[in-house]
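What follows is one structure encoded as structure tokens, with my remarks underneath.
Read the figures in this text as sums done on the coordinates, not as results from a lab. This one's a predicted model, so the numbers in the text were calculated from it and none came from an experiment. Here the Cβ is made from the backbone with ideal geometry for all residues, glycine too, and neighbour counts use every protein chain on show.
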Amino acid sequence: MDCKEFQRMIPGFLDDELDNYSLEAFLNHMEKCKSCKEELTIQFLIEAGIQRLEDGSTFNLATELQTTMNDAWLRLRVRKRLLNAAFFLQIIVVAEIIAAIVLAIGLR
Ligand SMILES: [Zn+2]
């Protein structure tokens, strides 16, 4: 992913609308690219800041940004694990079907 792509995806990231593949590429680029991280930080601060001003609640944006990043990694890991689990279950089902077919042929 290049910096242009990253910047196009920032709104999607902030709204949590990225799919697993995009989210991973996004987070990986952010870890490596200092200027994009800064850009994301600024956009996050603006978005979160405006929201807080509207609610009138107090906030610590630096902590919140860190939390948002950590959440994003966590979500990605959880989603991947779910995908792996689904894949594993499919293998079991296929294996059972094959076993049933082999058994059926054997019984004939
Ligand atoms: Zn970049």
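Please compute one quarter of the surface area of the Cα convex hull for region 3-83 and express it in square nanometres.
Approximately 5.4 nm², given one-decimal rounding.
Leaving out same-chain residues fewer than 8 places away, which lysines sit with a Cα under 25 Å from that of LYS80?
Within the straight-line limit of under 25 Å, LYS80 reaches these lysines: LYS32, LYS37.
Sort CYS3, CYS36 by Cβ crowding within 10 Å, fewest neighbours at the top.
Ordered from fewest to most neighbouring Cβ atoms within 10 Å, CYS3, CYS36 come out as CYS3, CYS36.
Could you pull out which residues in region 1-40 have an amide N less than 15 Å from a spot 7 Å beyond the Cα of ILE46, following the Cα-Cβ vector?
Residues 7-15, 36-40 fall inside that zone.
Give the cysteines in the chain for which no other Cys Cβ lies under 4.7 Å away, or write none if there are none.
Result for the chain is CYS3, no neighbouring Cys Cβ within the cutoff.
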